[in-house]
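Only one structure is covered here, and it is reproduced in the block below.
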Amino acid sequence: MAERVIPLVDQRLTALRAPVPAQAVAPTGHVTDQLGRPLRDLRISVTDRCNFRCSYCMPKEVFDKDYTYLPHAALLSFEEITRLARLFLAHGVRKIRLTGGEPLLRKNIEILIGQLAGLRTLAGTPPEITLTTNGSLLARKARALREAGLQRVTVSLDGLDDAVFRGMNDVDFPVAEVLAGIEAAQAAGLAPVKVNMVVKRGTNEHEILPMARHFRGTGIVLRFIEYMDVGATNGWRMDEVLPSAEVRRLIASEFPLVPLDPTVEGETAERWAYADGAGEIGLVSSVTQAFCGDCNRARLSTEGKVYLCLFAGNGYDLRELLRGGASDEDIASAIGAIWQGRADRYSQLRGSLAADTGSGRRRVEMSYIGG
Ligand code: SAM
Ligand code: SF4
Ligand code: SF4
């Protein structure tokens, strides 16, 4: 078998300037892009480090002991993150998701959450604040996170079988500790807890039904994520993607399902309820069913670049403006102009770009901008 080549192009070294437009784009709480999509959701990566080495995200061969992470001075400070978040809220963001890397590895993350919880939209409403975590530190931190103002968490868990899970996180981390984290999150009121399972054909598809059985009737929403071609290091292959439609058929063979309406605009998961009232599941079909049409998410990297798409090759450097002494008005104007120029819809175009995948196309790593 031919050896898999994993090209590593360091996107951290490249950035687009975030120009302040001559004509100010003042925040009105509603800015739309080239395809008419509003800006509603901001994902903030607070660290590029992680204590797991999930093969689909930070494969060991690349993220090894010689890998150089960002130095602390390159990271946005909590004050810088909060200032940018305030300006994004003024442009219409309503939901903030903290991610990474592993966000709970960022020291004193509760302080950042407290600062973000104090922000308001132009209409005076607080943002919804959530966090995505691998759950490894959650049992210890859930209560403090809740007290700081975090509302919900999403915990990633790819299976209940210990051997399968230890293999997928590739650092031999046990399922039981993640389950303890999920329980602590529920007990702390970080509800409803969502659990994300990335499904890789040939690796953990036999964990789908055990996961469904385990989380039914618990109030926890289990979401199945199609394995995505993010980044350039995971050696992604289409034949390892298990389409969500197959996941749904499998679950429905044991537990009949009924479709639910989306709760919010731009929701990534298709929602299905157990017909017997035992709760719901979500299907995130990023590969087989593009949802770019109403994608309202911006992503802020650990060092302050804003990415307009998970598959973008480049981000716009807001840190340069922050550290160059730009005013709030100028930074807000730059954010508005960047969003107005956005036309990204990678997943919709994936088919026609197929020849491009795997060829080292310059793409940013998921661990750098978060999911
Ligand atoms: N470390 C945290 C965690 O794992 O939850 C937060 C960051 S992680 C990049 C965010 C989400 O992206 C996780 O739910 C993870 O499973 C998902 N993810 C990472 N690589 C992926 C891939 N290639 N395809 C689909 N989902 C992926
Ligand atoms: Fe770490 Fe999350 Fe990526 Fe796994 S998916 S390597 S836990 S950042
Ligand atoms: Fe949004 Fe890009 Fe994903 Fe499409 S591919 S849904 S534009 S992040």
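Can you tell me the orientation of helix 175-187 relative to the chain, as the angle in degrees between its alpha-carbon axis and the longest Cα principal axis, to the nearest 10?
Here the helix axis deviates by roughly 60 degrees.
Could you tell me how many cubic angstrom of Cα convex hull volume region 162-226 has per residue?
Values: hull volume 5.5 nm³, N = 65.
So the per-residue hull volume is 85 Å³.
Rounded if a/c is under 1.5, else prolate if a/b is larger than b/c, else oblate: which is region 201-269, with a ≥ b ≥ c the root eigenvalues of its Cα gyration tensor? Could you put the intermediate results ahead of the total?
Details: a/c = 2.03, a/b = 1.36, b/c = 1.49.
Taking the square roots of the gyration eigenvalues as a ≥ b ≥ c, region 201-269 is oblate.
When the chain is treated as a GNM, springs tying every alpha-carbon pair under 10 Å, which of 257, 131, 39 comes out with the largest mean-square fluctuation?
257
Taking θ as phi - 60°, what are the ³J(HN,Hα) couplings along region 223-231 by the Karplus curve (6.51, -1.76, 1.60), each to the nearest whole Hz, with x for Gly and Pro?
Each residue's phi maps through the Karplus curve to give 10, 9, 10, 5, 4, 9, 8, 6, x Hz.
Suppose we keep just the DSSP beta bridges with both residues in the chain; what percent of those would be antiparallel, to 5? Mind dumping the intermediate values first?
Values: 13 of 45 bridges.
About 30 percent, rounded to the nearest 5.
Assuming a ≥ b ≥ c are the square roots of the Cα gyration tensor eigenvalues, decide whether the chain counts as rounded (a/c under 1.5), prolate (otherwise, with a/b larger than b/c) or oblate.
Details: a/c = 1.45, a/b = 1.30, b/c = 1.11.
Cα axes put the chain in the rounded bin.
Quick one: what are the phi-derived ³J(HN,Hα) couplings along region 88-103, Karplus 6.51/-1.76/1.60 with θ = phi - 60°, whole Hz, x for glycine and proline?
Couplings: 5, 4, 5, 8, x, 5, 10, 10, 10, 10, 8, 8, x, x, 9, x Hz.
Calculate, for region 34-117, the solvent-accessible area per residue in square angstrom, rolling a 1.4 angstrom probe over the heavy atoms of the protein chains.
Here the residues of region 34-117 average 38 Å² of exposed surface.
Across region 27-43, in residue order, what do the Karplus-derived ³J(HN,Hα) couplings come to in whole Hz, using 6.51 cos²θ - 1.76 cosθ + 1.60 with θ = phi - 60° and x for Gly and Pro?
Whole-Hz 3J(HN,Hα) from phi for region 27-43: x, 10, x, 7, 10, 10, 8, 4, 9, x, 8, x, 9, 10, 10, 10, 9.
Quick one: which residues, 5+ away or cross-chain, put their amide H under 5 Å from the amide H of residue 98? H built at 1.01 Å from N.
44, 130, 131, 132
Hey, got a sec? Which GluC sites (Glu not before Pro) in region 144-204 land in a DSSP loop and have at most 16 other Cβ atoms within 10 Å?
Numbers: sites: 147, 177, 183; in loops: none.
Loop-located and lightly packed - none at all.
So for 198, 258, what's the accessible-area order with a 1.4 Å probe, most first? Show your work: numbers first, answer last.
On the way: 198 25, 258 65 Å².
Correct descending sequence by accessible area is 258, 198.
On a 1.4 Å probe surface of the protein chains, which of 244, 77 comes out largest in accessible area, and what is the full order? Intermediate values should be presented prior to the final figure.
On the way: 244 5, 77 40 Å².
Result of the area sort, largest leading: 77, 244.
Leaving out ligands, DNA and RNA, what percent of the accessible area of the chain is carbon and sulfur, probe 1.4 Å? Each step should come with its number before you reach the end.
Numbers: 8180 of 15520 Å².
Solvent-exposed carbon and sulfur of the chain make up 53 percent of the total.
Helix-only mean residue ellipticity at 222 nm, the chain, DSSP H runs n ≥ 4 weighted -39,500 (n - 2.57), per residue, nearest 500. What is it? If you can, show how the numbers build up before the last one.
Details: 11 runs with 100 residues, N = 371.
Computed mean residue ellipticity for the chain: -7500 deg cm²/dmol.
Using only the heavy atoms of the protein chains and a 1.4 Å probe, how would 67, 368 rank by accessible area, largest first? Provide the component values of the computation, followed by the final result.
Working: 67 45, 368 10 Å².
Largest to smallest exposure gives the sequence 67, 368.
How far is helix 244-254 tilted, in degrees, relative to the longest principal axis of the Cα atoms in the chain, given as a value from 0 to 90 rounded to the nearest 10?
40
With N set to the residue count of region 237-351, report its C-alpha Rg divided by 2.2 N^0.38 Å to two decimal places. If you can, show how the numbers build up before the last one.
Details: Rg = 19.0 Å, N = 115, 2.2 N^0.38 = 13.4 Å.
Computed over Cα atoms of region 237-351, the ratio equals 1.43.
Need one number: the % of Cα-Cα pairs in region 6-128 sitting beyond the 17 Å mark. All intermediate terms of the calculation are to be shown ahead of the outcome.
Details: 4970 of 7503 pairs.
Here the tail beyond 17 Å accounts for 66 percent of pairs.
Please state, as a whole number in µm²/s, the translational diffusion coefficient that the Stokes-Einstein equation yields for region 109-214 at 20 °C and 1.002 mPa s, with Rh defined as the Kirkwood radius across alpha carbon pairs.
Values: Rh = 14.8 Å.
In µm²/s, the coefficient is 145.
Measure up 95/200; 65/107; 141/200; 60/95; 95/141 against 27 Å on the Cα-Cα distance and list the ones that go over. Before the final figure, lay out each step's value.
Details: 95/200 29 Å; 65/107 21 Å; 141/200 30 Å; 60/95 32 Å; 95/141 21 Å.
Long pairs (Cα-Cα over 27 Å): 95/200; 141/200; 60/95.
The values are calculated or read from the model by the stated rules, or taken from the named source; none is laboratory data. It should be emphasised that the depicted structure is a prediction, and the values quoted were computed from it without experimental measurement. Counting neighbours? That spans all protein chains shown, and the Cβs are built from the backbone with ideal geometry, glycine included. Accessible surface is based on the protein model in full, side chains and every heavy atom, while ligands, DNA and RNA are left aside. Shrake-Rupley method; radii C 1.70, N 1.55, O 1.52, S 1.80 Å.
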